[in-house]
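**Q** Quick one: the structure is below, questions incoming.
The values are calculated or read from the model by the stated rules, or taken from the named source; none is laboratory data. In this text, all values refer to a predicted model and were calculated from it rather than measured experimentally. Cβ: placed from backbone, ideal geometry, glycine included. Neighbour counts: every protein chain shown. We work out accessible area using only protein heavy atoms, side chains counted, and drop any ligands, DNA or RNA first. Shrake-Rupley method; radii C 1.70, N 1.55, O 1.52, S 1.80 Å.
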Amino acid sequence: MLSLLEGNTCVFGLQWGDEGKGKIVDFIAEKADVVVRYCGGANAGHTIRIGAEKYSTHLLPVGVFRPHVLNLIGNGVVLDPAALFSEIDEFIGRGVAISPANLRISYKTHLVMPYHKLEDAARENSAEGGAIGTTRRGIGPTYADKMQRSTAVRVADLMHEGKLREKIGQIVTERNKVLMVLYDAPPLDWKEIFEQYRDFGRRLQPYVDDCGHLLIQAWKAGKKIVFEGAHAALLDVDHGTYPYVTSSSCSALGLFTGAGAPPQLVRNFVGIMKAYSTRVGGGPFPTEQANSIGDYIRERGNEYGTTTRRPRRCGWFDAVAVRYSADLCGTTVVALTLLDVLSGLEHIQICTGYRMNGQRQDYFRADMDTLAEVEPIYETMPGWRGNISGCRSFEELPAAAQSYVKRLEQLCGVPIQIVSVGPERSATLIQPL
């Protein structure tokens, strides 16, 4: 697969998530030895189609669909054990082999607890129009506790039942007071939570390992490693459209702390972008099309959340935003996905700049108030007809589709090496660099 086989690779989203990262990770993982998930929690969703079968992952690295791959869940992830075991049991029931032989979980990984989910939902319900639009899966409160330190529970804590009992008892007693005062929530039973997580720990124990050590050893042994991001750069807690972001470092920059990898370990930075723009939840979205165009894209692209099934907001491709993400993440090549969704449109528009206060602005400022005021400047290109999902080389694409891809490449400043024209593994076109 050209340059992507010549070194370790990080795969991440360049927009607001849902770019089809799962398919690209699966594609690259065919030649990988290790796949590492480095951020996010069960609020993420990757969809993989293998033949007639469709799989949706939320916590498991996509490498589980490649029998030869060792999969690591890194310390940058927040782990919901109930969600993890539900996913494992489902996939095993469908013939996917998952065991400690191909899955390891960092002992440093933080755990999503029942009070995190309760707090997440209560906060969203009480926001009165100011809700961020979280998935209510407790992700933000878990990361907050990670920074608080004394109120956090990690996978390592599950291995020490006596200390776990004491710790959960203290945390739940304190958290019940806060939840009652702020949200009038009924108290949680600390003993019930302890027993549930004690049992989780017993089942997790064979999977628990020092993933940072495993990663470094794999690197020294010359193994091929793929780092799997969740969400995307514009949702990064530091560099995204704050506060309408997720709670983790989900750009390519997060892999170093989220997986425990030194910078020189990674050679390829593969940014994933879809051929248009979408986002879920609140927040500014300059190119949104709340009209028939947006509806067309949503239905053609099945733009509904993998995790929540919420309808996604849809709009034209925003080259200003993607160029920002590509530069931020040190993107070396781009994978363009869902090009087939745009088939049938007479004209396609690309946002090439913003206008604010009468002045053209050619750079992206990740500030909610600024983005809410900008007016997109569009360039119009001809569309194309017909079903392109059967194309198996770039040259087979309609001329208008080829021109569209080449124009996106020019505007984003990074070569587009992979073009996806359908959900199947085989619907993936490679362009030589």
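**Q** Has the range 135-144 got any residue that is aromatic (Phe, Trp, Tyr), touching a strand residue (DSSP E or B) at 6+ places or on another chain (Cβ under 8 Å) and surrounded by 13 or more Cβ atoms within 10 Å (Cβ to Cβ)?
**A** Yes, the range 135-144 contains a residue that is aromatic (Phe, Trp, Tyr), touching a strand residue (DSSP E or B) at 6+ places or on another chain (Cβ under 8 Å) and surrounded by 13 or more Cβ atoms within 10 Å (Cβ to Cβ).
**Q** Cβ-Cβ distance below 7 Å, separation of 6 or more or different chains: which pairs start in the range 68-97 with a residue that is within 23 Å of Asp145 (Cβ to Cβ) and end on one that is open to solvent by less than 10 Å² (accessible area, probe 1.4 Å) and charged (D, E, K, R)?
**A** If the second residue must be open to solvent by less than 10 Å² (accessible area, probe 1.4 Å) and charged (D, E, K, R), the pairs left are Ile73/Arg37; Gly74/Arg37; Val77/Arg37.
**Q** Select, from Ala97, Ala52, the only residue that is open to solvent by 10 Å² or more (accessible area, probe 1.4 Å), modelled with pLDDT under 95, of a type in the set (A, V, I, L, M) and out of contact with any Lys or Arg (no Cβ under 7 Å at 6 or more places or on another chain). Steps first, answer last, please.
**A** Details: Ala97 fails: modelled with pLDDT under 95.
Every option except Ala52 fails the conditions.
**Q** Can you name the condition, by its number, that Glu128 falls short on among (1) surrounded by 15 or more Cβ atoms within 10 Å (Cβ to Cβ); (2) assigned to a loop (DSSP other than H, G, I, E, B); (3) at pLDDT below 95?
**A** The one condition Glu128 does not meet is (1).
**Q** Please list, ordered by first then second residue, the pairs with beta carbon atoms under 6 Å, 6 or more apart or interchain, first in the range 204-221 and in contact (Cβ under 8 Å) with a residue 40 or more places away in the chain, second hydroxyl-bearing (Ser, Thr, Tyr) and crowded, with 17+ Cβ neighbours inside 10 Å.
**A** What qualifies is Val208/Tyr107; Cys211/Ser106.
**Q** Criterion first (part of a helix (DSSP H, G or I), farther than 21 Å from Ile272 by Cα and not aliphatic (A, V, I, L, M)) does Thr308 satisfy it?
**A** Working: part of a helix (DSSP H, G or I): no; farther than 21 Å from Ile272 by Cα: yes; not aliphatic (A, V, I, L, M): yes.
Answer is no for this residue.
**Q** If the requirement is being open to solvent by less than 20 Å² (accessible area, probe 1.4 Å) and either free of Cβ contacts under 8 Å to residues at least 40 places away in the same chain or touching a strand residue (DSSP E or B) at 6+ places or on another chain (Cβ under 6 Å) (or both), which of these qualifies: Val341, Val421, Val334? It would help to see each step written out before you state the result.
**A** Values: Val341 fails: either free of Cβ contacts under 8 Å to residues at least 40 places away in the same chain or touching a strand residue (DSSP E or B) at 6+ places or on another chain (Cβ under 6 Å) (or both); Val421 fails: either free of Cβ contacts under 8 Å to residues at least 40 places away in the same chain or touching a strand residue (DSSP E or B) at 6+ places or on another chain (Cβ under 6 Å) (or both).
Testing whether each residue is open to solvent by less than 20 Å² (accessible area, probe 1.4 Å) and either free of Cβ contacts under 8 Å to residues at least 40 places away in the same chain or touching a strand residue (DSSP E or B) at 6+ places or on another chain (Cβ under 6 Å) (or both) leaves just Val334.
**Q** Sticking with this one: Starting from residues that are of a type in the set (Ser, Thr, Tyr) and assigned to a helix (DSSP H, G or I), keep the ones in the range 370-412 and report whichever is modelled with the lowest pLDDT.
**A** Result: Thr370.
**Q** Every residue in the range 150-188 that is open to solvent by less than 10 Å² (accessible area, probe 1.4 Å) and over 26 Å from Asp209 (Cβ atoms), please.
**A** Within the range 150-188, Val172, Leu179 meet the criteria.
**Q** Among all residue pairs at least 6 apart or on different chains, which show Cβ distances below 7 Å where the first residue, located in the range 99-112, is aromatic (Phe, Trp, Tyr) and the second is assigned to a loop (DSSP other than H, G, I, E, B) and open to solvent by 10 Å² or more (accessible area, probe 1.4 Å)?
**A** Tyr107/Asp210
**Q** Only one of (1) touching a strand residue (DSSP E or B) at 6+ places or on another chain (Cβ under 9 Å); (2) more than 23 Å from Leu204 (Cα to Cα); (3) basic (Lys, Arg) fails for Lys177. Which number is that?
**A** So Lys177 meets the others, but not (1).
**Q** Here's another thing I want to ask about it. So which residues in the range 29-49 are touching a helix residue (DSSP H, G or I) at 6+ places or on another chain (Cβ under 6 Å) and either within 20 Å of Glu303 (Cα to Cα) or crowded, with 20+ Cβ neighbours inside 10 Å (or both), if there are any at all?
**A** Going residue by residue through the range 29-49, those that are touching a helix residue (DSSP H, G or I) at 6+ places or on another chain (Cβ under 6 Å) are 29, 31, 34-36, 38-39, 41-43, 46-48.
Selection gives Ala29, Val34, Val35, Val36, Tyr38, Cys39, Gly41, Ala42, Asn43, His46, Thr47, Ile48.
**Q** Quick one: in the range 293-315, which of the residues that are of a type in the set (A, V, I, L, M, F, W, C) and open to solvent by less than 10 Å² (accessible area, probe 1.4 Å) is nearest to Arg267 (Cα to Cα)?
**A** We begin by selecting, within the range 293-315, every residue of a type in the set (A, V, I, L, M, F, W, C); these are 293, 297, 314.
Checking which are open to solvent by less than 10 Å² (accessible area, probe 1.4 Å) leaves us with 297, 314.
Values: Ile297: 34, Cys314: 33 Å.
If we take residues in the range 293-315 being of a type in the set (A, V, I, L, M, F, W, C) and open to solvent by less than 10 Å² (accessible area, probe 1.4 Å), then Cys314 is nearest to Arg267 (Cα to Cα).
**Q** Within the set of pairs 6 or more residues apart or between chains, which connect a residue that is within 24 Å of Leu215 (Cα to Cα) and among the aromatic types (Phe, Trp, Tyr) inside the range 265-277 to a residue that is modelled with pLDDT of 95 or more and open to solvent by 10 Å² or more (accessible area, probe 1.4 Å) with Cβ atoms less than 6 Å apart?
**A** Pairs found: Phe269/Gly330; Phe269/Thr331; Phe269/Thr332.
**Q** For Arg385, which of the numbered conditions (1) touching a residue at least 40 places away in the same chain (Cβ under 8 Å); (2) closer than 30 Å to Val62 by Cα; (3) open to solvent by 60 Å² or more (accessible area, probe 1.4 Å); (4) among the charged types (D, E, K, R) fails to hold?
**A** (2)
**Q** Quick check, is Thr57 open to solvent by less than 10 Å² (accessible area, probe 1.4 Å), farther than 28 Å from Val421 by Cα and of a type in the set (Ser, Thr, Tyr)? Can you show your working first?
**A** On the way: open to solvent by less than 10 Å² (accessible area, probe 1.4 Å): yes; farther than 28 Å from Val421 by Cα: no; of a type in the set (Ser, Thr, Tyr): yes.
Criteria not met by Thr57.
**Q** Condition (residue is touching a residue at least 12 places away in the same chain (Cβ under 8 Å), assigned to a helix (DSSP H, G or I), over 22 Å from Gly45 (Cβ atoms) and among the hydroxyl-bearing types (Ser, Thr, Tyr)) applied to the range 149-167: is it met by at least one residue?
**A** No, that holds for no residue.
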